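K.L.:
Take this structure first; my questions come after.
The values are calculated or read from the model by the stated rules, or taken from the named source; none is laboratory data. Everything numeric in this text was worked out from a predicted model, so none of it was measured. FYI the Cβ positions are ideal-geometry reconstructions off the backbone, even for glycines, and counts take in every protein chain you see. SASA here: full protein model, heavy atoms, side chains in, ligands and nucleic acids out. Shrake-Rupley method; radii C 1.70, N 1.55, O 1.52, S 1.80 Å.
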Amino acid sequence: MFDRTAGTRGPRRRSRHEGVAARLLVVPLLAGLVLLIGAPATAAQAAPGCSGRPAKTITFATGELRVYKSRAHACAVTVARKPGKRRAMSVTLQPRGGRVVKDSGSFTQMAGPVTVNALNRCVRATGAVAGKSAATGWILC
């Protein structure tokens with residue numbers, strides 16, 4: 001392997017334990033990197049729980065109503081303009097010919113998400129934060 005008097009004679013061999021240790025360090029580092037970087041997302045896709053593309057956003061005095069559309073589903077959330085203190089919030093979503101799905105209560109940041117089956121169906125959504133509200137009318141037709 002190596003002769004002290006004549007210098008090195010070839011590449012240094014790694015022990016079996018060095019390779020295992022290196023692999024054990026790489027896996028958590030890569031996992032942490034994936035968590036830090038995450039999936040590419042835009043500001044409009046910041047609503048947790050809703051998948052799909054942003055279809056409609058309506059801004060009102062105290063918040064925003066965001067509607068998302070995937071192939072077979074529609075999803076809606078109401079987001080407070082100034083998150084922090086608890087206040088009354090609600091979001092509703094209704095497919096044409098279907099029942100209303102609602103999430104309401106006292107929240108700090110967001111009401112929802114609510115999801116309905118909307119394959120080839122129009123939907124309408126409403127959102128409210130602290131007494132101010134917005135509605136979409138029939139969309140995604």
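K.L.:
Just one of the numbered conditions (1) assigned to a strand (DSSP E or B); (2) at positive phi; (3) in contact with a Gly (Cβ under 9 Å, 6 or more places away or on another chain) is not true of Arg66; which one?
P.N.:
Here Arg66 meets the rest and fails (2).
K.L.:
Kindly indicate which of Pro54, Pro28 is out of contact with any Asp or Glu (no Cβ under 8 Å at 6 or more places or on another chain), over 24 Å from Arg124 (Cα atoms) and either modelled with pLDDT of 50 or more or of a type in the set (Phe, Trp, Tyr) (or both). Even if it seems obvious, please write down each step before you answer.
P.N.:
On the way: Pro54 fails: over 24 Å from Arg124 (Cα atoms).
None of the other options fit; the residue is Pro28.
K.L.:
Now for a different question. Could you list all residues from the stretch 111-138 that are in a strand (DSSP E or B) and open to solvent by less than 50 Å² (accessible area, probe 1.4 Å)? Walk me through how you get there before you give the answer.
P.N.:
Residues of the stretch 111-138 in a strand (DSSP E or B): 111-117, 123-129, 132-135.
Within the stretch 111-138, Ala111, Gly112, Val114, Val116, Val123, Ala125, Gly127, Ala128, Val129, Ala134 meet the criteria.
K.L.:
Then there's this: Count, please, the residues in the stretch 57-104 that happen to be open to solvent by 30 Å² or more (accessible area, probe 1.4 Å), of a type in the set (Gly, Ala, Ser) and either over 16 Å from the mean Cα position of the chain (by Cα) or closer than 16 Å to Trp138 by Cβ (or both).
P.N.:
Residues that pass the stated criteria total 5.
K.L.:
Spot the failing condition for Ala118; the list is (1) out of contact with any helix residue (DSSP H, G or I) (no Cβ under 8 Å at 6 or more places or on another chain); (2) without any contact (Cβ under 8 Å) to a residue 40 or more places away in the chain, and only one is missed.
P.N.:
In the conditions (1) out of contact with any helix residue (DSSP H, G or I) (no Cβ under 8 Å at 6 or more places or on another chain); (2) without any contact (Cβ under 8 Å) to a residue 40 or more places away in the chain, Ala118 misses (2) alone.
K.L.:
Restricting attention to the stretch 84-141, report how many residues are farther than 14 Å from Val67 by Cβ, of a type in the set (S, T, N, Q) and modelled with pLDDT of 95 or more.
P.N.:
So the answer is 7.
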